[in-house]
Each structure stands twice: as C-alpha cells, then as structure tokens.
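The values are calculated or read from the model by the stated rules, or taken from the named source; none is laboratory data. Since this is a predicted model, take the numbers as computed values, not measurements. Neighbour counts run over all protein chains shown; Cβ positions are idealised from the backbone, glycine included. To get the accessible areas, we keep the full protein, side chains included, count just its heavy atoms, and leave off ligands, DNA and RNA. Shrake-Rupley method; radii C 1.70, N 1.55, O 1.52, S 1.80 Å.
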Amino acid sequence: MAAASDAYVVDAAPPAVQHKTLTVHTVHTTQFMDVTRLIEAAVQQAGLHSGVVTVQTRHTTTGILINEYEPLLLADFKALFERLAPARFDSAHDDFLRRTVNLTADERPNGHAHCRAALLRSSETVGVRQGLLDLGQWQRVIFVEFDGAQRCQLTLTMMGTPMPKR
Amino acid sequence: MAAASDAYVVDAAPPAVQHKTLTVHTVHTTQFMDVTRLIEAAVQQAGLHSGVVTVQTRHTTTGILINEYEPLLLADFKALFERLAPARFDSAHDDFLRRTVNLTADERPNGHAHCRAALLRSSETVGVRQGLLDLGQWQRVIFVEFDGAQRCQLTLTMMGTPMPKR
Amino acid sequence: MAAASDAYVVDAAPPAVQHKTLTVHTVHTTQFMDVTRLIEAAVQQAGLHSGVVTVQTRHTTTGILINEYEPLLLADFKALFERLAPARFDSAHDDFLRRTVNLTADERPNGHAHCRAALLRSSETVGVRQGLLDLGQWQRVIFVEFDGAQRCQLTLTMMGTPMPKR
C-alpha cells in the first residue's frame, strides 16, 4: 500500500479551450464502439500537447466506459447490463397510457436502456501528455449504446497547452 | 460505425477558474432534482464563454446523473437502485454494536444509500460552448439523493475563457 | 428544493497544467485504498491554488470511488459488487479455449473483476480551492481494486492557477 511518484511535468504556457463534436452511427441495439482513435486523432488535430480531454455523450441511453476492448469481455458486459436492468421489466417510462412528458411521435419502449445508461458515465476525462491520451495498456475509451441503431454525437472538450512550435 | 466531425472552435484567451457552491434542500428519502438551470445560471453569472463546468456532490449518499428528467423514468430509476441495493439488507455499516468509526450522535441506518450512491458518479464534467451547457436534447443534470431529507451542497468548478467584451 | 449560493471566487492568473503518476501496490484481491492524502500532497507539491485535479486509474479491473472510508461500509461495498457481478459466473472473457484477443502468458480469470470495474468510474474530477481538495466532510477518494494483488498506477492531471507568491 506504499506510494511512489514520478517527476512533475509542468507546462507554463496558458491552456486554451477547443471543442469538437464526433458523429458516430450505431447499428445494433446494444453496441460497444471503440472511439479511442477518434479521440486521439482529434487531440492531435487540435494540437493539444498537455492537458485533458473530456468525452461526453449527448444521448440518454448511452454511456462512456473506459475498459478493455476484448470481444468476449464485451459479451460479458452486455450480459451484465441485461441482468442488472432487464429489457422485460415493468417500466413506467414505457407506459404510454400514463405518460405525458417528453413523448415523441416515434417513441419506442426503452426504459431499460435508460436504466442501463444510468449505471455508466455520461462523461470521462482523460489526461493528455505530449499529445497522447494517458491511458493504461489495456484501456480503451468505449462508447456504449443501449438503444440503437441511431446517429449519435459525442462531444470532446480539450483544455491545455498547445504543441511547441518547431 | 463511421465517424464525421464538425469544425474546430478555438478560444485563444487563457482560461480562468471560478468556483461556486450551490445549496439545495432535499425533502424526500429518494429524490431526483433537476439542477440544470442552476448550473446554467451559474455559468452565465460567471461570464464563462467556452470551457467546462465540473459538478460535484459533497455528500456520500448522493450522486450526479445526467439523463432524461421524465417523471415516470425517475420512478424506474428509483426502482432500479432499490433493487440493486435494497434498503433491508444486512449492512455492516449500520451495525452500531460493531461499528467504531465515523459514528455521530444522530447516526441513521443508511448503508444501502451509500451503496446506491457508489453506483453513481460524484462528479460529471459538462462542456460549455458560447455560454451554454453542451447537453443533448434530452439530457438534464440530475442531483440524486438516497438519504434525504437534508441540506446538500454541490460544488461547481468552471474553467475556460470569458465572454468577449462588447 | 430551493437553491442558494455563495460568492464567486475568481482567479485571474492563467491556469497551468501539471501531471503526476502515483504508484500504489494492492495486496488483496478486492481492496479499497484511501488515496486522498496522496492526492492532497501532490496538489500541494505542485503549488496548485485554484482549479481541478482529475484522478484516473490506468487499470481495467479497478475504479475510482468517492465515498466514506468506514471499514464496515467498505465490507458493504465489497458485498455489493460481489452480488452484482459474482466471481463464479460464466465469463466469456475467461474462456481461454475460445478467446484469441489480448491473451497474455500470465492470464488469470478476471471477467467478473472487469464487470465490477465497469460499474465504477475510471476518473473523477475534484475541485481545488486555496490548495485544498474540495470534498465534503465524509468524502474520501478511494482507489478500488477488484483483481489484486498488483502494482497500479494512478494518473493525476492538475489544471489551475498557482499559489500566489509571498
């Protein structure tokens, strides 16, 4: 339980703020999409050298998960969320005879998908060091969809210092 | 699974830091409180133009959830957390004959409320673009209480560039 | 449900970015480690006056939890995660006869540990005010291990304004 530390890395230049919206298309009801490379590309395109990138989903039946992207593990995750918030439960949100709020013409029963999303995060923040995402060996940033197929937007907010000019 | 992107929005002025504490009062044991407008108002009062706002709860039986604020869906969420961490479980934290740490005079059995809170976030970070919270159409920032009624504090940390002067 | 607010605290100096890696060693399979003091020490050593610190784990069977660090409550948390994602479930990730991706020589069955970690956060962001972590009375930053013993790295990204010079 002891703790050690490495040297500090200090960037003196004032950080700037950059925003970027990523659009992705899910094709399955439940889908795990590795968006790590999209985020890395955005960070590099933005010229961010040192700081953070916050990844947000803009949808309420989706979430952000940082974990290993191994196909059989994704099957385990799918089974986990199906067990914790089963599709065939008596969702009040899906009782269209009672419900009066936020009803749209193409409403579909998805109370369970909201419940699964509630167990994930809407945002995760990842450090950026020397232009690279500060992730561990097995970590990938995964966009999780529980009510696809749909067009989805992810928002990136990048704050930090720019790449040094050569 | 393809990805597209919009143009970058770059703010050159150095970001500043602002803090704000919001005090809210919960009145029910389990309560979902939409605090989106409080956060929006704080961001506007602070004059934040572009950056992020981090929303934190300062309480250990509460959490931050970004999802749809539809009354029947909130009933689904309540049922979900009651099912995953039932109130009538054999909580060690509530065994006041064994417990010796962090005991207060007005201690109440709330091990289940801590467990529910552990399944939510203590903080979420939301992008701010042109003075507005970068949320999707159905997304609201919800403060979730599992052991009310009580007086609660939420902390906002706002970082970014100020509104341009006119 | 009313809301009040305190005065704004504005720091005019431009924020800087600092990174720090903490190395910790877990000794139990499931372990809750209070890392609050390590983070506080890093913030003070970095001279951060006002801003945020983002705490990330770099491991996929671990998570960050901000809650009360009371020994019997930790037993409740342990029981909660063991119940929600039991060790003896039929994990596809642990089916080494089927699995072909990310297999290492010392692979151990830990699909359940990934599932538990998926219910926690990889990162939490905590405000820093006047050099101190902005946490509530009972809040501690807890590093949660579900597949120890192992050597682990936590990453801190600190952004904000420096301590005023005396």
Task: For region C:99-108, 3J(HN,Hα) per residue [Karplus equation, 6.51 cos²θ - 1.76 cosθ + 1.60, θ = phi - 60°, Hz, x = Gly/Pro] - done: 6, 10, 10, 6, 7, 10, 4, 9, 4, 10
Task: Area accessible to solvent at residue B:38, 1.4 Å probe radius, in Å² - done: 60 Å²
Task: Above-threshold pairs, the threshold being 32 Å between Cα atoms, out of A:165/B:20; B:20/C:78; A:78/C:20; A:165/B:165 - done: A:165/B:20; B:20/C:78; A:78/C:20
Task: Average beta-carbon neighbours from other chains, 10 Å sphere, peptide C:22-33 - done: 2
Task: Per residue solvent-accessible surface (Å²) - region C:9-118, probe of 1.4 Å - done: 39 Å²
Task: Under the Karplus curve 6.51 cos²θ - 1.76 cosθ + 1.60, θ = phi - 60°, whole-Hz ³J(HN,Hα) for region B:138-147, x wherever Gly or Pro sits - done: 9, 7, 10, 8, 10, 8, 10, 10, 10, 9
Open item on the list: Label position 7 Å from Cα toward Cβ: report the copy-to-copy distances for residue A:90 in nm, one decimal, ordered from shortest.
Closed with: 2.9, 2.9
Task: Listed residues B:27, A:101 arranged by accessible area, highest first, probe 1.4 Å - done: B:27, A:101
- [ ] Mind listing the label-point distances from residue C:102 to the same position on all other copies, shortest first, one decimal in nm, points 7 Å along Cα→Cβ?
- [x] 3.1, 3.1
Open item on the list: Can you sort A:28, C:93 by solvent-accessible area, 1.4 Å probe, largest first?
Closed with: A:28, C:93
Open item on the list: Please list C:94, B:106 from largest to smallest accessible area, probe radius 1.4 Å, with all protein chains kept in place.
Closed with: B:106, C:94
TODO: At a probe radius of 1.4 Å, figure out the B/A buried accessible area, summed over both chains, and give it in Å² to the nearest 100.
DONE: 4000 Å²
Task: chain C: DSSP helices with Cα axial extent of at least 18 Å and average Kyte-Doolittle hydropathy no lower than -0.5 - done: C:71-84
Open item on the list: I'd like the carbon and sulfur percentage of the solvent accessible area for the protein assembly as shown, probe radius 1.4 Å, heavy atoms only, ligands and nucleic acids excluded.
Closed with: 52 percent
- [ ] Tell me the label-point distance for the pair residue B:98, residue B:149, using the 7 Å Cα-to-Cβ offset, in nm and rounded to one decimal.
- [x] 3.4 nm
TODO: Please work out the Cα center distance from region B:105-166 to region A:21-61, rounded to the nearest Å.
DONE: 22 Å
Task: Equivalent ellipsoid semi-axes, chain B, via Cα gyration tensor eigenvalues times 5, rooted, Å - done: 35, 19, 14
Open item on the list: For chain C, what does the helix formula give at 222 nm: sum of -39500 (n - 2.57) over DSSP H segments with n ≥ 4, over the residue count, nearest 500 deg cm²/dmol?
Closed with: -6000 deg cm²/dmol
Task: Loop-resident sites, region C:91-166, for chymotrypsin sites (Phe, Trp or Tyr not before Pro), counting at most 15 other Cβ within 10 Å (DSSP) - done: C:96
- [ ] Leaving ligands, DNA and RNA out of it, work out the accessible area of residue C:121 with a 1.4 Å probe and give it in Å² to the nearest 10.
- [x] 10 Å²
Task: Inter-copy separations for residue A:130, label at 7 Å along Cα-Cβ, nm, ascending - done: 3.9, 3.9
- [ ] Kindly give the semi-axes, whole Å and largest first, of the ellipsoid equivalent to region A:11-72, taking each as the square root of 5 times a Cα gyration tensor eigenvalue.
- [x] 27, 13, 11
- [ ] Just tell me how shielded C:47-56 is by partners: mean number of partner chain Cβ atoms within 10 Å of each residue's Cβ, no decimals.
- [x] 5
Open item on the list: Let me make sure I get this right: for the protein assembly as shown, a, b and c are the square roots of the gyration tensor eigenvalues over alpha carbons, sorted descending. Under 1.5 in a/c it's rounded, otherwise prolate if a/b > b/c, else oblate. Which is it?
Closed with: rounded
- [ ] Scan around residue B:66 for amide H atoms under 5 Å from its own, H built in the peptide plane at 1.01 Å from N, and keep only partners 5 or more places away or cross-chain.
- [x] A:122, B:142
